[in-house]
Amino acid sequence: MKAMGDKIGSKLIAKEAGVNTVPGFIGTIDSADHAVSVAEEIGYPVMVKASAGGGGKGMRVAWNKTETIEAYKLCSGEARASFADGRLLIEKFVEKPRHVEIQIMGDKHGNVLYFPERECSIQRRNQKIFEEAPSPLVDSSLRRKMGEQAVALAKKVGYSSAGTVEFLVSETDRSFYFLEMNTRLQVEHPITEAVSGTDLMEMMFAVADGMSAGFWSSC
C-alpha cells in the first residue's frame, strides 16, 4: 500500500514491472525553471500533477512555458495545502484520453486475478461521476493486455487484497499507460460485481483469512 501510495514511486515500480507508463520525468520537480526545462524536453502539452495527490487536486495541463510556470505555482501550493506534500511530477498530456480501471484481487500465496474493466471517463473537475462496464473502447485483446499489466504490477509489490489499477487509454490508437493504483476496494466495486458475478467484499475477507484467489477462478 505504501509503495503504490506515492505517484512518483509507483511509476518507478511500474516501469520496473514492464508496465506502460506515460512519457515524462519520473522524479521530483524542484522549481519553476526545472518544470519548464522538463516540459520543453518532453514536449507540450504536459500534465503537472501532485505526487501525493488524489481527487483531481494539484493537477494542471500546460500548453506552453507561461502556463507551466503558473501550473507549478498553483499545483505545488494546492498539494501542500491538501496533502502536506508539495512534490510535483510532469508527464506528457495524453490527448483524447479515456480513463479505464482494472479491478484486481491478490492473495497471500502470490496469486493475482483481474476482472473486467470499468470506464470512468465522464468526470467533472477530475471527479468520476459515471462508471460503465464493459468499456465501449476496450476489446478482448486490449482487456487481456491491460489485465496482465495490472497483475504484473500487483505481483511486483507482493500485493494482497482488493485493488484497482487505473490506466489512461488513447482514443486514437488504444495505447494505454499506467496512471495510479488504488490500494483499497473502491466505492464503485459493485459495478464489477454486477458484470463478473463475484462478491468482491466476500472475496477480500476470504483472501485476508488466507484463502487462495484461485478458488474463485475455478468456480
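The values are calculated or read from the model by the stated rules, or taken from the named source; none is laboratory data. This is a predicted model, so every value here is computed, not measured. Counting neighbours? That spans all protein chains shown, and the Cβs are built from the backbone with ideal geometry, glycine included. To get the accessible areas, we keep the full protein, side chains included, count just its heavy atoms, and leave off ligands, DNA and RNA. Shrake-Rupley method; radii C 1.70, N 1.55, O 1.52, S 1.80 Å.
Taking residues in the stretch 24-43 that are surrounded by 20 or more Cβ atoms within 10 Å (Cβ to Cβ), and partners anywhere that are part of a loop (DSSP other than H, G, I, E, B), the pairs with Cβ atoms closer than 9 Å and at least 6 places apart or on different chains are Ile29/Arg87; Ala39/Pro45; Ala39/Asn64.
Give me the residue from the stretch 1-32 that is among the hydrophobic types (A, V, I, L, M, F, W, C) and in contact with a strand residue (DSSP E or B) (Cβ under 6 Å, 6 or more places away or on another chain) and, out of that set, modelled with the highest pLDDT.
Val19
Filtered by the rule that a residue be touching a Ser or Thr at 6+ places or on another chain (Cβ under 8 Å), surrounded by 14 or more Cβ atoms within 10 Å (Cβ to Cβ) and not in a strand (DSSP E or B), the stretch 73-96 gives Ala79, Asp85, Gly86, Arg87, Val94. A count restricted to the stretch 4-31 and to residues that are of a type in the set (S, T, N, Q) and within 19 Å of Cys75 (Cα to Cα) stands at 2.
Listed here are the residues, each with its yes/no results for (1) hydrophobic (A, V, I, L, M, F, W, C); (2) within 16 Å of the chain's Cα centre (by Cα).
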residue: Ile42; (1), (2): yes, no
residue: Met59; (1), (2): yes, yes
residue: Trp63; (1), (2): yes, no
residue: Glu70; (1), (2): no, no
residue: Cys75; (1), (2): yes, no
residue: Val94; (1), (2): yes, yes
residue: Ile102; (1), (2): yes, yes
residue: Gly106; (1), (2): no, no
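None of Val46, Val61 is modelled with pLDDT of 90 or more, surrounded by fewer than 17 Cβ atoms within 10 Å (Cβ to Cβ) and not aromatic (Phe, Trp, Tyr) except Val61.
Annotation: of all residues in the stretch 112-130 being at pLDDT below 95 and in contact with a Gly (Cβ under 7 Å, 6 or more places away or on another chain), the one that is farthest from Glu148 (Cα to Cα) is Arg125. Return yes when Ser76 is of a type in the set (Ser, Thr, Tyr) and at pLDDT below 90 and no when it is not. So Ser76 fails the test. If you go through the stretch 199-219 and pick out every residue that is surrounded by fewer than 19 Cβ atoms within 10 Å (Cβ to Cβ) and assigned to a loop (DSSP other than H, G, I, E, B), you end up with 7. The strands (runs of 3 or more DSSP E) found wholly in the stretch 97-198 and carrying at least 1 residues that are in contact (Cβ under 8 Å) with a residue 24 or more places away in the chain and open to solvent by 50 Å² or more (accessible area, probe 1.4 Å) occupy 97-106, 112-114, 176-182.
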